[in-house]
Every structure is written in structure tokens, then in C-alpha cells.
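To keep things clear, I will list the structure first and then write my remarks on it.
The values are calculated or read from the model by the stated rules, or taken from the named source; none is laboratory data. Every value quoted in this text rests on a predicted model; they were computed, and no experiment measured them. Reconstructed Cβ throughout: ideal geometry from the backbone, glycine too, with neighbour counts over all protein chains shown. Remember, those area values only see protein heavy atoms, side chains included, never the ligands or the DNA or RNA. Shrake-Rupley method; radii C 1.70, N 1.55, O 1.52, S 1.80 Å.
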Amino acid sequence: MDVRFDLHVHTTASDGTFTPAEIVRYAASEGLVALAITDHDSIGGIPEALSVAEADQSGLTIIPGVELSAVHEGHDVHILGYFLDHTDETLCRHLSDLRTARLNRATAIVEALTAAGYEISIDNVLALSGGGAVGRSHVARALVHNGHAADVSDAFRRLLGRGKPFYVPKDVRTPSEVLAVVVDAGGTPVLAHPGVTGVDDLIPALVDEGLAGLEAYHPEHDEVQRDRYLGLAEELGLLVTGGTDYHGIGAPNPALGSIEMPADVLTELLAAGRRG
Ligand code: AMP
Ligand code: FE
Ligand code: FE
Ligand code: ZN
């Protein structure tokens, strides 16, 4: 049987619904060999994931990671950073700025919703985020909880998605600035779901600045997009990564570890991590 692994997973440290301990045990029970924890703008879930995996001795390799927010000409760009030094001061300051930007934005969204008659409070939203990096998913869950949306996808479709009445952009840095943070913290930067992001023209410049890989395998990529980024990675000498972008219960993602990828994807990412 092929080895299964997942290199893009969220926990309660951002907008996933499972705690790091829960996701580690779930991955082990599903027979995965490796799991990367990649929360939005947070590395808060990593210590717990590492210690649970070590205590359980299930043979599951935990890859520390993060999914950092950036913006380029109105496009949300997500940079995955694997094997970062989580004690790096610039990284920690950057993460703290990002979480402040997230809090300010969640507050602005809630104020706009309240003014329009949606009964929802920032305390509600923060309680749902449980101290993790707060985002639109938590606002969506609060709206569902208070009966203003049928489910999370409905809340995004009608209210919170880009171009919808309560969309507020995040005040975040450019991809170049974020790449520098990852590279300086010794991480391996990978462009998340490039087919969703739509900044292909920018990729060569990012490679010059240290971009090391493309996430070709992602549930929102069709086969044409997957093959396009596999080809581009080969052409540019980049790593290929992939994962389910797992967010847990109620999120529109496939089952943990369910994206099929060649074992080389994992081997080469681990090798890149060892090279630092
Ligand atoms: P944010 O980082 O606060 O801008 O929120 C982005 C997150 O919202 C993504 O990582 C997904 O977890 C979630 N999301 C975005 N679009 C949708 C959607 N249409 N349906 C459900 N969740 C979504
Ligand atoms: Fe998310
Ligand atoms: Fe993303
Ligand atoms: Zn993600």
C-alpha cells in the first residue's frame, strides 16, 4: 500500500476544528506516516502536536509549518513555511502583527454585520476562535450559531467571501516580505494552492527571492492545474508539495490524508528540511 501523508492541515491554533492533540491522534489512527501542521499565521499548535506524537510513539512524523497571509495586487497569497525556527524573533513579531491585523479585521466585520442587523458579537467570535488566529471562518461559525446562515459555506457565499457585502481585506505584507521572514527563520517556503491564488506571473520573481516549492496537489486544483504546477515546478527546479487543507468538521475539505501523492513528495520535503 502507498504511504499516505498530509502536508497542509489546520488546527484550533487557527480555523481548524480539531486541537493539535486530536489531529495527531486522528492522523495516526488513519495510518498516515507524516502530518504537517500549517495554521494560518500561527505556530501555536506545533509544540502540542510534537509532544503528543512523541508520547504516543505511533511512528507519525510531525512537520512543523505555518501558512502565512500576504497580499499582491488584491490577491490573497498564502505562503506555506515548513521547518521554521519557531523561536526566531522576526518571525514571532511578524506573527504577532498578523494576528493583530486579524483581530482588527474581525472587529470591523462584526461591526458592519451588527450595523446591518445581524446579531453577532466579537466576544462570540473570539470565544469560537479559542485564542487562536481569528478569521472569517470563526465569524461564519458565529453567524451559523445565531441562525443567520445555514452553514459556513453559505455564510461565505452570501456575506463574507471576496466581493460580498461584509468582505474586509486583511492588512498584511507582500509575498516578498513574507518570503524573507520564512527564509530568515530557516524555513522552506512553498506557494500554497497557486491555482486558487492566481499570481503565476509573480512566481519567477518569488523563486529569485527564495521560494522553494509549489503546492501542486490541493483539493481546489483540477487535474489541469495540478499538472500545470507539476510542470512549472520541474521547469523551475522547485519542490512539489500537497495536502488536503484540512479544517475539520463542517469545512468543505476532503478527508485527512486523502490526496494521493507520490512518496517522493514527502522524501524531498524532508530532505529540504534537513538541509535547512
Ligand atoms: P481568512 O484567513 O480569515 O481570510 O479566512 C480564510 C479561510 O476561510 C480559509 O482558510 C478557509 O478556511 C475559509 N474559507 C474561505 N472561503 C470559504 C468558503 N467558500 N467556504 C468555507 N470556508 C471558506
Ligand atoms: Fe482556513
Ligand atoms: Fe490557504
Ligand atoms: Zn490552508
Any hit, region 176-189, residues being free of Cβ contacts under 8 Å to residues at least 60 places away in the same chain and more than 16 Å from residue 72 (Cβ to Cβ): yes
Qualifying positions in region 7-24 - of a type in the set (D, E, K, R) and touching a helix residue (DSSP H, G or I) at 6+ places or on another chain (Cβ under 7 Å): 15
Filter result for the condition that a residue is in contact with a helix residue (DSSP H, G or I) (Cβ under 9 Å, 6 or more places away or on another chain), more than 22 Å from residue 98 (Cα to Cα) and open to solvent by less than 60 Å² (accessible area, probe 1.4 Å), over 179, 214, 160: 214
Residues within region 232-270 that are out of contact with any strand residue (DSSP E or B) (no Cβ under 9 Å at 6 or more places or on another chain) and either over 25 Å from residue 20 (Cβ atoms) or among the aliphatic types (A, V, I, L, M) (or both), tallied: 4
Flag for residue 31 being in a loop (DSSP other than H, G, I, E, B), touching a residue at least 24 places away in the same chain (Cβ under 8 Å) and either touching a helix residue (DSSP H, G or I) at 6+ places or on another chain (Cβ under 9 Å) or open to solvent by less than 10 Å² (accessible area, probe 1.4 Å) (or both): no
Members of region 96-139 found to be open to solvent by 50 Å² or more (accessible area, probe 1.4 Å), outside any helix (DSSP H, G or I) and either of a type outside the set (Phe, Trp, Tyr) or closer than 13 Å to residue 41 by Cβ (or both), listed by number: 116, 117, 119, 130, 131
Meets criteria (in contact (Cβ under 8 Å) with a residue 12 or more places away in the chain, in contact with a strand residue (DSSP E or B) (Cβ under 9 Å, 6 or more places away or on another chain), open to solvent by less than 10 Å² (accessible area, probe 1.4 Å) and more than 16 Å from ligand 3 (Cβ to nearest atom)) for residue 70: no
Tabulated pairs, region 10-24, first free of Cβ contacts under 8 Å to residues at least 24 places away in the same chain, second open to solvent by 10 Å² or more (accessible area, probe 1.4 Å) and within 15 Å of ligand 3 (Cβ to nearest atom), C-beta under 7 angstrom, 6+ apart or interchain: none
Which listed residue, of 125, 178, 196, 152, is in contact with a Gly (Cβ under 8 Å, 6 or more places away or on another chain) and β-branched (Val, Ile, Thr): 152
Residue in region 202-217 that is within 16 Å of ligand 2 (Cβ to nearest atom) and at pLDDT 95 or above present: yes
Failed criterion for residue 24 (all others in (1) assigned to a loop (DSSP other than H, G, I, E, B); (2) more than 16 Å from ligand 4 (Cβ to nearest atom); (3) hydrophobic (A, V, I, L, M, F, W, C) hold): (1)
Residues of region 73-90 that turn out to be open to solvent by 10 Å² or more (accessible area, probe 1.4 Å), closer than 23 Å to residue 34 by Cα and within 16 Å of ligand 1 (Cβ to nearest atom), as a count: 1
Per-region count, region 34-61, residues open to solvent by 30 Å² or more (accessible area, probe 1.4 Å), part of a loop (DSSP other than H, G, I, E, B) and closer than 22 Å to residue 98 by Cβ: 1
